[in-house]
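> Sharing a structure here in structure tokens format.
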Amino acid sequence: MNPLTITGGTLVDPVGGSVLPGDIACADGKIVDSAPDSAKSIDAGGLHVAPGIVDLGCFAIDIPAFAAGGITRVALMPDQSPAIDEPAMVQHAAAAGKPTVWVHPLAAATQALNGEELTEIGLMQRAGAVAVSTGRQRIADSGLMHRLLSYAAALDLMVITHAEDEGLSRHAVATDGETATRLGLPSGPAISEAMAIARDVMLAEDTGAHVHFRTVTTARGFDLIREAKARGVHISCGITPGHLLLCDVDIGAYRTFAKLSPPLRSAEDRDAALVALADGTIDVICSGHDPQGPEAKRLPYADAEPGMSGAETLLTLSLGLVRDGHIDMARLFALLSRNPATLLGVDGGAMSAGSAADLVIFDADAPWRVDTMNMASSAGNTPFDELPVQGKVVHTIKGGQSVDRPPS
């Protein structure tokens with residue numbers, strides 16, 4: 001690996017909470033105190049330099065989108081074909097991003113993610129799985145979930161779960177409210193989320209396991225998370241920019257690109273999410289990257305697949321939260337990089353000597369417009385199509401080497 005120096009930039013350190021001018025050197029895949037004079041140099045004048053983004057919970061390995069979005073590590077959801085439910089699948093998934101991105105597989109909690117029979121999570125952990133996940137759905141059987149959490153606690157494995165009660169949300173494609181009623185869409189109550197969280201909080205408290213709620217989106221859900229953390233329950237939660245910035249009215253005239261899972265909530269819930277972001281209740285901002293082609297999205301709203309292409313726009317949309325005063329830049333990279341790296345137990349999110357040389361160099365003020373037809377992602381299904389934004393990745397650095405944006 002050739003040494004690298006990055007000079008003249010503004011360094012964002014989420015560990016120390018500082019945003020200060022400075023230089024950074026990389027050698028042998030690590031950040032170092034200094035590099036030799038022969039090192040390649042990048043002039044970062046007028047740019048920010050921050051730890052590479054660690055995206056907790058992608059549904060697809062989409063290397064061009066990751067490179068374009070400043071993402072250097074991804075936790076891959078087990079919802080693959082076939083599911084990541086045995087050690088060989090873990091090893092296969094871990095190798096899929098080389099050499100551009102680190103892929104950290106999440107082990108399926110149940111065989112084929114059917115919610116019925118637990119997998120050999122210990123064997124998958126030894127094969128490289130960094131956590132275990134229930135996938136797109138939760139485990140409905142409370143006894144089975146209790147056993148899973150007991151095993152995971154013994155292995156010191158975090159369990160990542162989906163927070164919706166299937167009895168209320170199974171056939172819903174929208175949240176109960178004026179928008180769903182006006183459009184005639186099958187809907188479910190927002191309390192579906194709080195009910196699922198309440199059960200898993202109690203199970204986490206009983207077993208001592210670490211439960212991470214991948215996407216929390218409602219005021220009542222955040223209240224439960226906040227209260228449980230105050231009691232010392234080992235839980236954490238994440239959210240996507242889609243749920244932070246949009247609400248159910250953005251479905252508009254059956255815009256399937258705005259069909260997400262969980263579905264978009266009310267404006268009041270969206271505002272509660274911004275409060276939870278500011279007060280530290282939310283631990284992670286993730287992309288929820290789930291690219292869906294036209295055959296899955298250009299259908300009647302109720303029939304279209306949920307999900308959005310979020311990796312490429314994760315940083316630029318999140319920078320809007322800084323400009324609007326909800327959080328500062330150092331806190332942003334705690335949410336995007338440091339916290340997910342810590343939760344997963346992987347190297348990332350730090351700028352100190354000896355840390356992984358995984359970095360993103362970006363222009364925080366560069367204006368551009370989101371365009372679904374010209375995205376690096378394998379599919380451009382984003383509800384933010386045509387939105388004017390600010391903030392553009394200039395370089396993604398993995399292991400001290402600049403990752404050129406691969407051809408899409």
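Each reported figure results from applying straightforward, stated rules to the coordinates on display, with no laboratory input. Everything numeric in this text was worked out from a predicted model, so none of it was measured. Neighbour counts are summed over all protein chains in view; Cβ atoms, including those assigned to glycine, are modelled from backbone coordinates with ideal geometry.
> Taking neighbour Cβ counts within 10 Å as the exposure measure, how do TRP368, TRP102 sort from fewest upward?
By the 10 Å Cβ count, ascending, the order reads TRP368, TRP102.
> In whole Å, what are the extents of region 253-408 along the principal axes defined by its C-alpha atoms, from largest to smallest?
Computed over region 253-408, the largest-to-smallest principal extents equal 53, 40, 31 Å.
> Quick one: Karplus J couplings for region 177-185, per residue in order, coefficients 6.51, -1.76, 1.60, θ = phi - 60°, nearest Hz, x for Gly and Pro?
In residue order, the calculated couplings are x, 4, 4, 4, 5, 5, 8, x, 9 Hz.
> On to the next question. Could you state, as a whole-number percent, how many of the C-alpha pairs of region 171-228 are farther apart than 16 Å? Write down the numbers at each step before the final one.
Values: 816 of 1653 pairs.
Result for the distance tail: 49 percent.
> Give me the lysines in straight-line cross-link reach of LYS297: C-alpha distance below 24 Å, same-chain residues under 8 apart excluded.
LYS259
> Separate question: Counting pairs of alpha carbon atoms under 8 Å apart in space and at least six apart in sequence, what relative contact order in percent does the chain give?
After rounding, I find 21 percent.
> Also, quick follow-up: Restricting to DSSP loop positions (anything but H, G, I, E, B) with no more than 16 other Cβ atoms inside 10 Å of their own Cβ, which trypsin sites (Lys or Arg not before Pro) remain in region 118-217?
In loop regions of region 118-217 (DSSP not H, G, I, E or B), the sparsely surrounded trypsin sites (Lys or Arg not before Pro) are ARG170.
> Which whole-Hz couplings ³J(HN,Hα) result when phi for each residue of region 60-72 is put into the Karplus expression 6.51 cos²θ - 1.76 cosθ + 1.60, θ = phi - 60°, listed in order with x for Gly and Pro?
Once θ is set to phi - 60°, the couplings for region 60-72 become 8, 8, 10, 4, x, 5, 5, 4, 5, x, x, 8, 10 Hz.
> Pop out the ³J(HN,Hα) list for region 276-288 in order, Karplus 6.51 cos²θ - 1.76 cosθ + 1.60 with θ = phi - 60°, rounded to Hz; leave Gly and Pro as x.
Coupling constants for region 276-288: 5, 5, 5, 8, x, 5, 7, 9, 9, 9, 10, 7, x Hz.
> Pick from GLU295, GLU305, GLU193: which residue has the top mean-square fluctuation in a GNM of the chain where Cα pairs under 10 Å get a spring?
Greatest mean-square fluctuation among the candidates belongs to GLU295.
> If you don't mind, there's one more thing I want to ask. Report the relative contact order of region 167-208, percent, no decimals, based on alpha-carbon pairs under 8 angstrom and at least 6 residues apart.
The value is 34 percent.
> Can you tell me the length gained on complete extension of the stretch ALA353 to GLU227, counting 0.36 nm per residue apart and subtracting the Cα distance? Present the calculation step by step, with values, prior to reporting the outcome.
Working: separation 126, 0.36 × 126 = 45.36 nm, distance 3.70 nm.
Difference between extended and current length: 41.7 nm.
> Using a cut-off of 27 Å between alpha-carbon atoms, which lysines can reach LYS40, once sequence neighbours fewer than 8 places away in the same chain are excluded?
LYS30, LYS98, LYS392, LYS398
> Using volume of the Cα convex hull per residue in Å³ as the read-out, say which of [x] 143; [y] 187; [z] 127 was calculated from these coordinates.
So the calculated entry is the one marked [z].
> Quick check: the distance between the Cα centres of region 360-387 and region 188-208, to the nearest angstrom?
35
> Separate question: Provide the convex hull volume over Cα atoms per residue for region 76-234, in Å³.
Looking at region 76-234, the number lands at 126 Å³ per residue.
> Which Cα, out of ALA356, GLN292, VAL216, lies furthest along the positive dipole direction of the chain (beta carbon charges, K/R +1, D/E -1)?
So the residue we want is ALA356.
> Right, another one. Pull up all non-local amide H partners of HIS234: gap of 5 or more, or a different chain, and H-to-H distance under 5 Å with H placed in the peptide plane.
Close amide H contacts, sequence-distant or interchain: none at all.
> Right, something else. Sequence-distant or interchain residues sharing an amide H contact under 5 Å with VAL403, placed H: which?
For VAL403, the qualifying residues are THR396, ILE397, LYS398.
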